[in-house]
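Undergrad: Sharing a structure here in structure tokens format.
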Ligand SMILES: C[S@@+](CC[C@H](N)C(=O)[O-])C[C@H]1O[C@@H](n2cnc3c(N)ncnc32)[C@H](O)[C@@H]1O
């Protein structure tokens, strides 16, 4: 079986994604209060720090999804094994949780293709290498693609007779504000065929105290993750942020239904961003939002699926009903 890697982020694609990055930063820093979108944090190191987050015992989204895959891997296999299929994973990261499913499918001697897509080149490259090392004797072939979600999807051959199963795990959908999430799942449906499946990991609304603990670890990994964004701005845009002048905290906002991470400027300061030719002023203790993780109710998930042209096939919960992997079928 083959284990391949494609990088769609070099050359012209790289310069257009750099321009998109600069635009998003300018727009976010011009807002009052300042607010940057979550996807800016995912360069190679950002993706590695996120893997550390998924290993924190208190970070329930990852722990719950691991439990779901361990408990429901047979049910998922039964659902899939009727037809030839291709697993496409959007924002695969280190693919750690997905390997619980892949391993089970391999043990069941199923023949399938796994296509992890991620904006982080390092994450995809490492994932393909790790899978090749472990599963080179299996019936799974792998094509890792370093790309933005939809650039990666458009690169996959559509003339295959295999059913596509698109995985969008880890509550990554929660990083999108509701209208953007709706646009995303609609666009996803347009790029799939009738009968294809998507499986989306949603973190469910719960006691805000649990949410606070999940996003404020005592070891400071979340703070390191969010402050890493300042390093990215320094490197990509020639900014002169001093990380030691900022601290981070995450908290649930009942108005937006999201856990929002903010970094706070510990003093009055002005930062220069060379690529934007702009000085950005921060007042003492002014906040800048760096992450957004929307928490869904089951009613909202049902509404999102049906309004966007999908039929819900199954809901897989963890034992505490904190998280759901929602499986939808594309209707055309
Ligand atoms: C919240 S993490 C989830 C990682 C993994 N799926 C998990 O469940 O642990 C989001 C992942 O999506 C990737 N990502 C973010 N924006 C992306 C985009 N526009 N296109 C492709 N990948 C993206 C990040 O690099 C990161 O690996």
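Undergrad: Output yes when any residue across the range 239-255 is assigned to a helix (DSSP H, G or I) and under 20 Å from residue 48 (Cβ atoms), and no when none is.
TA: First, the residues of the range 239-255 that are assigned to a helix (DSSP H, G or I): 243-245.
This time we only want the ones that are under 20 Å from residue 48 (Cβ atoms), so: 243.
Yes, the range 239-255 has at least one match.
Undergrad: May I ask you to list the residues in the range 137-177 that are in contact with a strand residue (DSSP E or B) (Cβ under 8 Å, 6 or more places away or on another chain) and more than 23 Å from residue 93 (Cβ to Cβ)?
TA: 139, 160, 162, 163
Undergrad: Report the residue count in the range 267-288 for those that are surrounded by 14 or more Cβ atoms within 10 Å (Cβ to Cβ) and either in a loop (DSSP other than H, G, I, E, B) or in contact with a helix residue (DSSP H, G or I) (Cβ under 9 Å, 6 or more places away or on another chain) (or both).
TA: Number satisfying all stated conditions: 10.
Undergrad: Scan the strands (runs of 3 or more DSSP E) fully inside the range 108-198 and keep the ones with 3 or more residues being away from the ligand (no atom under 14 Å from the Cβ).
TA: Correct list: 140-146, 163-168.
Undergrad: Considering 27, 14, 48, 52, which residue is at negative phi and more than 15 Å from the ligand (Cβ to nearest atom)? Give the steps one after another, and end with the answer.
TA: Details: 14 fails: more than 15 Å from the ligand (Cβ to nearest atom); 48 fails: more than 15 Å from the ligand (Cβ to nearest atom); 52 fails: more than 15 Å from the ligand (Cβ to nearest atom).
Answer to the check: 27.
Undergrad: Starting from the range 30-59, take each residue that is free of Cβ contacts under 8 Å to residues at least 60 places away in the same chain and over 18 Å from residue 260 (Cα atoms) and list its partners that are more than 8 Å from the ligand (Cβ to nearest atom) and part of a helix (DSSP H, G or I), counting only C-beta distances under 8 angstrom and pairs at least six apart or across chains.
TA: Going by the 8 Å Cβ cut-off, the qualifying pairs are 57/63.
Undergrad: With respect to residue 20, is the statement that it is near the ligand (Cβ under 10 Å from one of its atoms), without any contact (Cβ under 8 Å) to a residue 60 or more places away in the chain and surrounded by fewer than 17 Cβ atoms within 10 Å (Cβ to Cβ) true?
TA: Values: near the ligand (Cβ under 10 Å from one of its atoms): yes; without any contact (Cβ under 8 Å) to a residue 60 or more places away in the chain: yes; surrounded by fewer than 17 Cβ atoms within 10 Å (Cβ to Cβ): yes.
Judged against the criteria, residue 20 is a match.
Undergrad: Using beta carbons and a limit of 8 Å, which pairs, at least six apart or on different chains, have the first residue in the range 117-133 and farther than 11 Å from residue 5 by Cα and the second one more than 13 Å from the ligand (Cβ to nearest atom) and in a helix (DSSP H, G or I)?
TA: The qualifying pairs are 131/102.
Undergrad: Name, by its number, the condition in (1) outside any helix (DSSP H, G or I); (2) within 8 Å of the ligand (Cβ to nearest atom) that does not hold for residue 58.
TA: If we test residue 58 against (1) outside any helix (DSSP H, G or I); (2) within 8 Å of the ligand (Cβ to nearest atom), just (2) comes out false.
Undergrad: Still on this structure: Among the listed residues 38, 15, 2, identify the single one that is exposed (fewer than 14 other Cβ atoms within 10 Å of the Cβ) and either within 30 Å of residue 111 (Cβ to Cβ) or touching a helix residue (DSSP H, G or I) at 6+ places or on another chain (Cβ under 6 Å) (or both). Quick ask: steps written out before the conclusion?
TA: Numbers: 38 fails: exposed (fewer than 14 other Cβ atoms within 10 Å of the Cβ); 15 fails: either within 30 Å of residue 111 (Cβ to Cβ) or touching a helix residue (DSSP H, G or I) at 6+ places or on another chain (Cβ under 6 Å) (or both).
That would be 2, the only listed residue that is exposed (fewer than 14 other Cβ atoms within 10 Å of the Cβ) and either within 30 Å of residue 111 (Cβ to Cβ) or touching a helix residue (DSSP H, G or I) at 6+ places or on another chain (Cβ under 6 Å) (or both).
Undergrad: So which of 65, 89, 103 is in contact with a strand residue (DSSP E or B) (Cβ under 7 Å, 6 or more places away or on another chain) and part of a helix (DSSP H, G or I)?
TA: Working: 89 fails: part of a helix (DSSP H, G or I); 103 fails: in contact with a strand residue (DSSP E or B) (Cβ under 7 Å, 6 or more places away or on another chain).
Of 65, 89, 103, the one residue that is in contact with a strand residue (DSSP E or B) (Cβ under 7 Å, 6 or more places away or on another chain) and part of a helix (DSSP H, G or I) is 65.
Undergrad: Same structure, new question: Hey, can you tell me all the residues within the range 113-127 that are surrounded by fewer than 22 Cβ atoms within 10 Å (Cβ to Cβ) and over 25 Å from residue 20 (Cα atoms)?
TA: Correct list: 113, 126.
Undergrad: Is it true that some residue in the range 183-206 is surrounded by fewer than 16 Cβ atoms within 10 Å (Cβ to Cβ), under 26 Å from residue 59 (Cα atoms) and out of contact with any helix residue (DSSP H, G or I) (no Cβ under 8 Å at 6 or more places or on another chain)? Walk me through it before giving the result.
TA: Residues of the range 183-206 that are surrounded by fewer than 16 Cβ atoms within 10 Å (Cβ to Cβ), as a first pass: 183, 186-187, 190, 193-195.
Narrowing further to those that are under 26 Å from residue 59 (Cα atoms): none.
Checking the range 183-206: not a single residue is surrounded by fewer than 16 Cβ atoms within 10 Å (Cβ to Cβ), under 26 Å from residue 59 (Cα atoms) and out of contact with any helix residue (DSSP H, G or I) (no Cβ under 8 Å at 6 or more places or on another chain).
Undergrad: Tell me which residues, restricted to the range 202-222, are closer than 23 Å to residue 176 by Cβ and assigned to a helix (DSSP H, G or I).
TA: So the first thing to find is which residues in the range 202-222 are closer than 23 Å to residue 176 by Cβ, and the list is 202-206, 208, 210-212, 214-216, 221-222.
Listed by number, the residues that qualify are 208, 210, 211, 212, 214, 215, 221, 222.
Read-outs: derived from the displayed coordinates by stated rules, not from any lab. It should be emphasised that the depicted structure is a prediction, and the values quoted were computed from it without experimental measurement. Methodologically, a virtual Cβ is constructed for each residue, glycine included, from the backbone with ideal geometry; neighbour enumeration extends over all protein chains shown.
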